[in-house]
Amino acid sequence: MQAPLRGHLGGAVIPRAAAILASGGVAVLPTDTLYGFHCVASNGEAVERIRALKGRGTGEGFILLVSDIGMAGSVVARWPGASKALLESIWPAPLTAILPGRRLLDQALAPRGSVAVRVPALSELRTLIRRLGEPVVSTSVNLSGGLPLATISEVRRQFPGLEAYVSQRGRRSGAPSTIVDFTSRNPRLIRAGVYPWPSRA
């Protein structure tokens with residue numbers, strides 16, 4: 001069995017991590033806030049593997065990370081009200097937007113017809129997603145209902161056998177991304193997080 005990819009997100013690690021994801025692997029990567037399980041959104045088996053790792057119910061969706069608002073348009077069916085202009089002024093940032101999802105999206109990615117999408121502030125993560133050319137599933141590294149793990153050593157102990165454990169210098173923030181529902185004309189805060197809401201953008 002090949003040793004998992006390790007190291008800091010950047011340089012030669014980015015193309016290697018992208019290759020792992022493109023081949024259907026699951027990688028632990030840093031995000032703007034927490035360490036997360038990641039896979040390409042187009043690989044249903046990898047998505048379900050992440051669900052099993054977390055012990056998560058089938059009715060719950062996952063956040064999709066995209067490289068820019070153009071890629072977001074590949075999974076968003078429409079932009080209610082002024083949501084597109086507002087998000088263009090905010091992203092990249094640790095703010096996750098819930099928006100109407102395209103009808104062809106898998107139920108695992110767009111439960112109840114809506115999709116959670118974010119352009120991450122972490123530039124190395126955007127570079128990786130751009131290299132893949134498609135959205136990436138992202139969810140915190142923890143058992144469902146448990147506290148997110150803050151260090152790679154904790155992640156390796158609790159979730160052995162993954163294809164990549166990629167770190168970022170310094171501890172991840174203990175707070176998650178802010179989640180705002182943009183599916184209607186008036187945005188509604190779903191989860192308070194590291195990005196202040198209402199937005200100052």
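Cβ separations smaller than 9 Å between residues 6+ apart or across chains give the following pairs from the stretch 140-159 residues that are among the aromatic types (Phe, Trp, Tyr) to residues that are surrounded by 12 or more Cβ atoms within 10 Å (Cβ to Cβ) and assigned to a helix (DSSP H, G or I): 159/53.
When 95, 87 are checked against the criterion of being of a type in the set (A, V, I, L, M) and within 29 Å of residue 165 (Cβ to Cβ), 95 stands alone in meeting it. Cβ-Cβ distances below 7 Å connect the following pairs, each with a first residue in the stretch 15-38 that is on the phi > 0 side of the Ramachandran plot, a second residue that is in a helix (DSSP H, G or I) and surrounded by 20 or more Cβ atoms within 10 Å (Cβ to Cβ), and a separation of six or more residues or different chains: 24/46.
Say whether the condition of being among the hydroxyl-bearing types (Ser, Thr, Tyr), exposed (fewer than 14 other Cβ atoms within 10 Å of the Cβ) and modelled with pLDDT under 95 is met by at least one residue in the stretch 55-77. Yes, the stretch 55-77 contains at least one residue that is among the hydroxyl-bearing types (Ser, Thr, Tyr), exposed (fewer than 14 other Cβ atoms within 10 Å of the Cβ) and modelled with pLDDT under 95. Check the stretch 183-198 and report whether any residue there is of a type in the set (A, V, I, L, M, F, W, C) and buried (at least 18 other Cβ atoms within 10 Å of the Cβ). No. When the stretch 78-100 is filtered for residues that are surrounded by fewer than 17 Cβ atoms within 10 Å (Cβ to Cβ), without any contact (Cβ under 8 Å) to a residue 40 or more places away in the chain and in a helix (DSSP H, G or I), the ones remaining, listed by number, are 85, 88. What tally of residues in the stretch 15-70 results from selecting those that are part of a helix (DSSP H, G or I) and either touching a Phe, Trp or Tyr at 6+ places or on another chain (Cβ under 6 Å) or not small (Gly, Ala, Ser) (or both)? The total comes to 13.
Results for (1) at pLDDT below 95; (2) within 20 Å of residue 117 (Cβ to Cβ); (3) among the basic types (Lys, Arg), shown as yes or no for each residue.
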| residue | (1), (2), (3) |
| --- | --- |
| 162 | no, no, no |
| 169 | yes, no, yes |
| 174 | yes, no, no |
| 177 | yes, yes, no |
| 184 | yes, yes, no |
| 191 | yes, yes, yes |
| 194 | yes, yes, no |
| 197 | yes, yes, no |
| 201 | yes, yes, no |
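The values are calculated or read from the model by the stated rules, or taken from the named source; none is laboratory data. Fair warning: this is a prediction, and the values are worked out from it, not measured in the lab. Neighbour counts run over all protein chains shown; Cβ positions are idealised from the backbone, glycine included.
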